[in-house]
Amino acid sequence: MLALTELGQRLRQERESKGLSLEDLQKLTKIQKRYLLGIEEGNYEVMPGKFYVRAFIKQYCEAIGLDTDAIFEEYKSDIPSTQTEDIPQQLSRVRSRKEIPQHTKGVSKAYDYLPTVLVVAGVVVVGIIIWVIAQNIVSDKNKEQANQEAPNSEIQQSNTQEETNETTPKNDNSTSEDDQSAADKKEKEKAEREKAEKEKAAKEKAEKEKAEKEKKDSGKQEYKEVQKTGRSATYALSGTDAFNLEVTSTQADTWLDVKNGKGNAFFSSILKKGETKEFDLTKETEARVNIGYSPGVELKVNGKAVDLPFDSSKQVRQVVTIQYQPAEAQ
């Protein structure tokens with residue numbers, strides 16, 4: 001095993017303090033485990049190229065919550081400088097015209113038969129058009145004949161129905177039962193209609209009361225930006241007697257670290273894709289949220305979604321500090 005560099009020791013200690021294995025880090029960064037191990041051991045020869053060394057170290061630092069710029073400055077002697085590498089010969093070679101396969105010569109011969117093919121295709125198309133027209137003519141004649149026969153059929157059917165009605169005796173008991181059944185059906189429909197109307201009214205009332213309460217609460221709560229610098233931003237939360245925080249990761253696993261103003265950790269681990277963590281911070285005056293991979297991460301304060309301070313496509317790691325002042329203390 002190779003001796004660890006100072007940078008490798010620092011990265012491994014930071015990773016292990018977070019409780020992360022190389023397999024966990026591989027899932028977070030999408031970098032193969034053998035490259036991550038090479039970074040820790042200072043064995044940069046296993047990398048696909050010198051360019052990837054700095055890129056992989058940068059992703060490693062961001063995943064475990066380290067300041068990339070500070071690490072690169074502090075351990076610049078351990079990290080190879082960026083150099084433009086030669087493009088692999090197999091990607092840069094361009095085949096000359098002499099190397100083009102000779103089997104394409106036969107293509108020109110196919111053009112000699114093109115006029116004949118076009119004439120045959122034209123004859124086939126004309127034949128299809130004539131056949132379709134003939135079918136439409138026959139169909140129209142059949143429809144016209146059917147329309148002429150329809151009135152006679154309707155008259156015969158009407159006479160048959162009248163004869164059936166005359167020969168069928170009336171049943172008074174059956175009529176009475178049908179009337180009673182119809183009355184019961186109407187009464188049942190009326191009761192169901194009244195019940196549905198009552199349920200609808202109750203639901204509308206509840207929704208109205210809920211909307212009024214949310215409107216009233218939202219009118220009190222205030223969440224505003226105080227300052228923003230680097231990858232960190234500070235917000236002030238006021239006008240409310242509750243401080244509930246929800247963090248959800250929708251796109252990928254991410255490192256999440258939530259601490260109060262005194263540095264006590266509420267959560268410091270990987271937040272899985274699709275997982276939501278809730279924190280009741282009502283008794284705290286400050287909370288610091290450190291997000292290792294911000295794309296797809298959603299924040300909610302007291303059930304209301306709030307935007308991340310930076311564009312996640314440009315700033316992957318973000319730190320959000322929320323200063324809380326209860327309404328009763330104002």
| request: Pick out the one residue from D172, D217, D179 that is under 31 Å from the mean Cα position of the chain (by Cα) and modelled with pLDDT under 90. | output: D217
| request: Please determine, by comparing only the residues of segment 1-48 that are touching a residue at least 24 places away in the same chain (Cβ under 8 Å) and of a type in the set (D, E), which one is surrounded by the fewest Cβ atoms within 10 Å (Cβ to Cβ). | output: E6
| request: Just name the residue that is modelled with the lowest pLDDT out of those in segment 59-94 that are open to solvent by 90 Å² or more (accessible area, probe 1.4 Å) and charged (D, E, K, R). | output: R93
| task | Return the total of residues in segment 236-274 being surrounded by 15 or more Cβ atoms within 10 Å (Cβ to Cβ) and within 19 Å of the chain's Cα centre (by Cα). | result | 8
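The values are calculated or read from the model by the stated rules, or taken from the named source; none is laboratory data. The model shown is predicted, which means the values in this text are computed figures rather than measured ones. No Cβ is skipped: glycine too gets one built from the backbone with ideal geometry, and neighbour counts run over all protein chains shown. The protein model used for the area step is the full one, side chains on, heavy atoms only, and it has no ligands, DNA or RNA in it. Shrake-Rupley method; radii C 1.70, N 1.55, O 1.52, S 1.80 Å.
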